[in-house]
Amino acid sequence: MTEQARMRVGLVGTGYWARETHALGIVNAPDAELTAVWGRDAEATNDLAQRHGATGFADFDNFLSHTDAVSFSVPPHVQAPLAVRAAVAGKHLLLEKPISLDERSADEIVAAVKSSGVAALVFFTHMFAPPSTRWFRDLDQSEWLGGDAYWLGSALCDDNPFNTPWRREHGGLWDVGPHAVADLIRVLGPVVKVIADSGAPDVTHLVLHHQDGASSTCTLTISAPDAADGFTMMMWGSEGRTRMPIDEVDSLSAHTVAVSDLVAMARSGEREHPSDLAMGRDVLRVLAAAQRQLDGRSAK
């Protein structure tokens, strides 16, 4: 039996996360090959492409013609319309979180993916990192009544590579919130109601009511000082309490798994995954509902 050729994967984006996680994750995946890079900065695009033996493109459609799948590492408002174009062109998608900044554009991505039949995953890191995925599988064996997630990020510190314009504008709810909400949905099920409140600076508190009666809370910010930076997630139920082994999670290895999972889905025809596009849209809807509450409160 001949060995199957590696899938051609293109990278959209040239920033810190694209360079240090997405590009290397594709290169490290045994069943994928980084063939093309597209970015909004021509020099950065060519530099990143040359570093990995790929080709840099200024034209997005030309970029797509050299790929079978696309990994996105650009701000959500940039990602959404490009993801639709890629799906329409028949390219499999590995999207960043959040998949967009509004429900309409999220629905447009979902419609394009459904129409084209391509595979699509969202890079919720904990859904792919082996330590956290093992933890999730262990939790599947028991009933959990509630959970709490605290993501105190320091992205807005001056020297942080994630201190970018879209994060400064939209804050922790939209940057780290997707991870926390996805984790809680993964364990406790779909969210049917969200209650949101805020504090200064850039602190969002969420109370989530889940479909089967469980409830959970989130505290989210990206304006924490470096000394307070970190994520904790605790679940509780009849068997006691358990915390996600977050210190063992590595983003690069998680992205490598995500690339391989996408390749496997593309080849097998399987379209369901714990971190699939349906999860991405469900998380987006929770964030959008919370944002409407926060906007309504600030307008009074």
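Across the chain, the volume of the C-alpha convex hull divided among the residues equals 140 Å³ per residue.
Of all the accessible heavy-atom surface of the chain, with the other protein chains kept in place and a 1.4 Å probe, what percent is carbon and sulfur?
Working: 6540 of 13480 Å².
Looking at the chain in its full context, I get 49 percent from C and S.
Listed by number, the DSSP H helices of the chain that run 24 Å or longer by alpha-carbon position along their axis and have mean Kyte hydropathy of at least 0.5 are 251-268. At 1.4 Å probe size, with every protein chain present, just tell me what the per residue accessible area of the stretch 1-67 comes to in Å². Per-residue accessible area for the stretch 1-67 comes out at 52 Å².
With a cut-off of 10 Å between beta carbons, the residues surrounding Val191 carry a summed charge of +1, where Lys and Arg count +1 and Asp and Glu -1. Springs join every pair of Cα atoms under 10 Å in this Gaussian network model of the chain, and among Pro130, Pro274, Pro201 the largest mean-square fluctuation is at Pro201. Taking Lys and Arg as +1 and Asp and Glu as -1, the other residues whose beta-carbon sits under 11 Å from that of Val9 total 0. Derived scalar couplings between HN and Hα for the stretch 208-218 equal 10, 9, 9, 4, 8, x, 6, 9, 8, 10, 9 Hz in order, rounded to whole Hz, by the Karplus curve 6.51 cos²θ - 1.76 cosθ + 1.60 (θ = phi - 60°), x for Gly and Pro. Shape annotation for the stretch 96-168: C-alpha extents along the principal axes are 43, 38, 23 Å, from largest to smallest. For the chain, the number of Lys pairs separated by eight or more positions or lying on different chains, with C-alpha atoms closer than 26 Å, is 4. Here the Kirkwood formula, the inverse mean of 1/r across different C-alpha pairs, assigns the stretch 40-197 a hydrodynamic radius of 17.8 Å.
Springs join every pair of Cα atoms under 10 Å in this Gaussian network model of the chain, and among Arg243, Arg40, Arg104 the largest mean-square fluctuation is at Arg104. Within the listed set Asp261, Asp183, Asp159, the Gaussian network model of the chain (springs between alpha-carbon atoms below 10 Å) gives the highest mean-square fluctuation for Asp159. With Cα atoms defining each centre, the stretch 119-150 and the stretch 33-92 are spaced 29 Å apart in the structure.
Within the shell of other residues whose beta carbon sits under 10 angstrom from the beta carbon of Ala32, the net charge comes to -1, with Lys and Arg scored +1 and Asp and Glu -1. Once Rg and the Kirkwood radius are both taken over the C-alpha atoms of the stretch 206-290, their ratio Rg/Rh works out to 1.01. The residues of the stretch 203-300 have, on average, 49 Å² of accessible surface per residue, using a 1.4 Å probe with all protein chains present. Per residue, the accessible area of the stretch 80-157 comes to 38 Å² when a 1.4 Å probe rolls over the protein heavy atoms.
The values are calculated or read from the model by the stated rules, or taken from the named source; none is laboratory data. Note that the coordinates shown come from a computational prediction; the quantities given were computed from them, not determined experimentally. Note: ideal-geometry Cβ built from the backbone for every residue, glycine included; neighbour counts use all protein chains shown. Note: accessible area is taken over every heavy atom of the protein model, side chains too, but ligands, DNA and RNA are not part of it. Shrake-Rupley method; radii C 1.70, N 1.55, O 1.52, S 1.80 Å.
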